[in-house]
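Okay, so here's the structure we're looking at.
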């Protein structure tokens with residue numbers, strides 16, 4: 001863990017992630033792991049607990065133990081609010097502009113759309129396990145983010161809140177091609193294969209003596225069904241093979 005650098009960070013997205021006065025090292029490790037999951041790299045720690053390389057923080061951090069956690073920057077709250085555009089992440093249970101010290105608030109999804117327009121280095125700020133961020137701290141933070149939750153119990157665990165928020169903001173850190181999900185446009189069957197599939201359906205309807213006047217309507221229905229399914233190349237070819245066998249079978253008997 002490094003000490004706070006004296007220079008002001010450059011304007012950047014994704015935002016940094018700041019954890020204020022965490023009591024349990026495991027929560028710091030959990031947040032570091034969520035950062036690694038969703039592409040965030042800069043971890044800021046205000047009054048952190050001891051982070052023993054053989055302790056809970058590193059045990060909970062997964063692969064983030066190799067880079068994000070050991071490269072975390074320790075700084076004061078004063079430095080945090082002076083050097084970053086800060087977004088405090090906190091629950092706002094049944095509060096409005098008359099009773100909350102910072103209002104209005106944004107949800108993580110709203111923040112995802114707006115943050116790229118902020119011309120300043122930004123930091124998501126998460127508070128303590130039991131009391132979160134104090135009113136005094138919230139008064140010095142630039143804006144508030146809150147996760148929509150059950151109004152009867154909207155308060156989340158520190159690690160949970162950070163994980164949900166970072167997931168919602170992942171597009172600020174990861175391009176689509178950097179995730180483990182396949183590119184749907186690249187695996188979807190091409191139009192030529194789909195047309196062969198539809199031709200084979202038409203051949204099967206003819207072989208089965210499906211009423212001629214009903215065939216156009218049946219084919220439109222089949223196109224709609226396959227269109228909604230977004231068939232992959234492999235799926236389309238498998239169906240094509242089955243339909244060929246079904247079409248040829250009557251001639252074999």
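No value in this document is a laboratory result; all are computed from the given coordinates. All figures in this text were calculated on a predicted structure; none of them were measured in a lab. Because the Cβ atoms are built from the backbone with ideal geometry, glycine has one as well, and the counts that use them run over all protein chains shown.
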Tensor-based shape of the range 19-63 (alpha-carbon gyration tensor, a/c under 1.5 rounded, otherwise prolate or oblate): oblate
Distance (nanometres) between label positions extended 7 Å along Cα→Cβ at residue 229 and residue 134: 6.2
Gyration tensor (alpha-carbon) shape descriptor, the range 184-252, a/c threshold 1.5: oblate
Nearest-ten-degree value, helix 25-38 long axis tilted from longest Cα axis of the chain: 40
For the chain, built as a Gaussian network whose Cα springs stay under 10 Å, the top-fluctuating residue of 118, 187, 28: 187
Of every Cα-Cα pair in the range 2-178, the percent that sits beyond 28 Å: 16
Segment residue 217-residue 174, extension gain: residue separation times 0.36 nm, minus the distance between their alpha carbons: 11.1 nm
Within a Gaussian network of the chain (alpha carbon springs, distance under 10 Å), most fluctuating of 85, 63, 210: 210
Folded to 0 to 90 degrees: helix 215-229 orientation relative to the chain principal axis, Cα: 20
Fluctuation leader among 216, 15, 154 - the chain, Gaussian network, Cα springs under 10 angstrom: 216
Dimensionless Rg/Rh of the range 133-253 - Kirkwood Rh, Rg from C-alpha atoms: 1.33
Principal-axis tilt of helix 233-252 within the chain, Cα atoms, nearest 10 degrees: 20
